[in-house]
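Only the coordinates and a few stated rules stand behind these numbers; no lab work does. Note that this is a predicted model, so its numbers are computed, not measured. A quick note on method: Cβ atoms are made from the backbone with ideal geometry, for glycine too, and the neighbour counts reach across all protein chains shown.
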Amino acid sequence: MDGFKEYRNFLKDTIRKTIDFRSSAQNRGVPVPPLQEPVDSQLPRIGLPGREAWSIAVRQTDLTEAIGNRRSRRKFSEKVLKIEELAFLLWATQGQRKPGKQAPFFRTVPSAGARHSFETYLFIYRVETIPPGLYRYLPLTDELVLIYPADDQSKSELSRALLGQKFVADSAVVFVWTTVPRRMEWRYLQAAHRVILLDAGHVCQNLYLACEAIQAGTCAIAAYDQEVLDELIRVDGEEQFTVYLAPVGKY
């Protein structure tokens with residue numbers, strides 16, 4: 001079992017005992033990393049409906065019902081998502097919970113130290129009023145920014161990146177979460193990486209439960225070709241890289 005020891009230790013919090021947190025970037029006075037990566041001002045943007053709009057489109061769902069119905073779904077219909085439904089899912093997974101100066105830190109999902117190391121990319125195929133393409137969600141302004149349009153080739157490339165899991169391309173939209181580790185390392189140094197993955201679980205579970213409110217399904221995926229997928233969403237694979245994804249579609 002010695003071959004597993006290193007990986008099991010990663011799951012423990014014993015590394016915290018070996019770290020001098022006084023040397024962290026935070027304690028050295030290094031400015032806090034931004035909670036949203038820079039955006040090319042030339043890229044097209046789409047404003048999303050606010051909470052007042054999507055709260056009308058999303059049915060009120062009892063929490064016990066949502067938890068009881070939660071399951072991984074791999075078969076999707078050809079129905080489209082409403083833009084209000086997509087806006088709701090994005091709010092549920094990375095949206096701001098409270099208005100005001102501290103809003104970027106108060107999200108609908110917990111994060112260690114409120115560092116929120118994730119960026120959300122979306123392969124959109126069937127969402128009303130939104131042309132198919134790869135988009136990035138901007139939680140601080142509640143917008144989508146178009147990275148590039150989607151076509152049959154990009155769908156094929158996504159299936160290849162996901163090791164042949166073809167059902168993903170049948171979904172209406174694919175959520176892809178990347179991490180920007182320096183946001184968490186700024187405070188937690190070498191202890192950052194374990195909590196990044198814990199945070200990813202919080203985000204995806206919120207997506208599962210939110211899907212139940214719009215009669216949609218999802219399936220968490222952690223098996224993919226790292227290099228191919230990172231290239232497909234145009235991140236560098238070092239300072240930012242994929243950690244998790246989930247297709248969403250009506251059932």
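Annotations for the structure displayed:
- In nm, spacing of pseudo-spin labels at Gln215 and Leu11 (7 Å Cα→C-beta vector): 4.0 nm
- For the stretch 6-141, the fraction of alpha-carbon pairs in successive 10 Å shells from zero, as %: 9, 28, 33, 19, 11, 1
- Per principal axis, descending, Cα span of the stretch 148-251 in whole Å: 41, 32, 22
- Hits among lysines - C-alpha to C-alpha of Lys79 under 26 Å, sequence gap 8 or more where chains match: Lys155, Lys166, Lys250
- Cα Rg over Rh - the stretch 137-192, Kirkwood: 1.11
- Entry note, the stretch 46-250: relative contact order of 28 percent, from Cα contacts under 8 Å with a spacing of 6+ residues.
- Listed by chain and number, the aspartates and glutamates placed with their C-alpha closer than 20 angstrom to that of Lys101 are Glu37, Asp142, Glu143; residues fewer than eight positions away on the same chain are left out.
- Taking the C-alpha atoms only, the angle from helix 2-11 to the longest principal axis of the chain is near 80 degrees.
- Against the chain, whose longest principal axis is taken from its Cα atoms, helix 83-94 shows a tilt of about 10°.
- Helix 192-212 axis versus longest C-alpha principal axis of the chain: approximately 20°, rounded to the nearest ten.
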